[in-house]
Amino acid sequence: MKTIIVNGNPEDMSALMVPKETSTYHDHDTVTLQSSDGKYSVEKTIFRMVDGGEDNWELQFE
């Protein structure tokens with residue numbers, strides 16, 4: 001399972017932008033979102049990936 005470090009509390013996140021060139025994510029993958037301060041961590045399943053523009057994917061979570 002892949003871990004993505006995010007700013008703030010990841011429990012409330014419904015979407016996240018990631019660079020296309022480093023993205024190895026797929027629809028229905030489960031990822032761990034961890035806050036940059038290490039206080040919060042949550043597992044989320046990617047509902048779908050859409051073009052986020054400017055060479056980014058937008059990961060949308062269930």
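Let's see how each residue does on (1) polar (S, T, N, Q); (2) touching a Phe, Trp or Tyr at 6+ places or on another chain (Cβ under 9 Å):
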| residue | (1), (2) |
| --- | --- |
| T3 | yes, no |
| V18 | no, yes |
| I46 | no, yes |
| G52 | no, no |
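For segment 1-41, the candidate set comprises residues that are loosely packed, with under 11 Cβ neighbours inside 10 Å and among the small types (G, A, S); within that set, the residue that is farthest from L59 (Cα to Cα) is G38. If you go through segment 42-54 and keep only what is without any contact (Cβ under 8 Å) to a residue 40 or more places away in the chain and either surrounded by 11 or more Cβ atoms within 10 Å (Cβ to Cβ) or in a strand (DSSP E or B) (or both), you end up with V42, K44, T45, I46, F47, R48, M49, V50, D51, G52, G53.
Each value in this text was obtained by applying a stated rule to the coordinates, not by laboratory testing. Given the structure is predicted, the values throughout are model-derived calculations rather than measurements. Every residue, glycine as well, gets a Cβ built from its backbone with ideal geometry; the counts of neighbours run over all protein chains shown.
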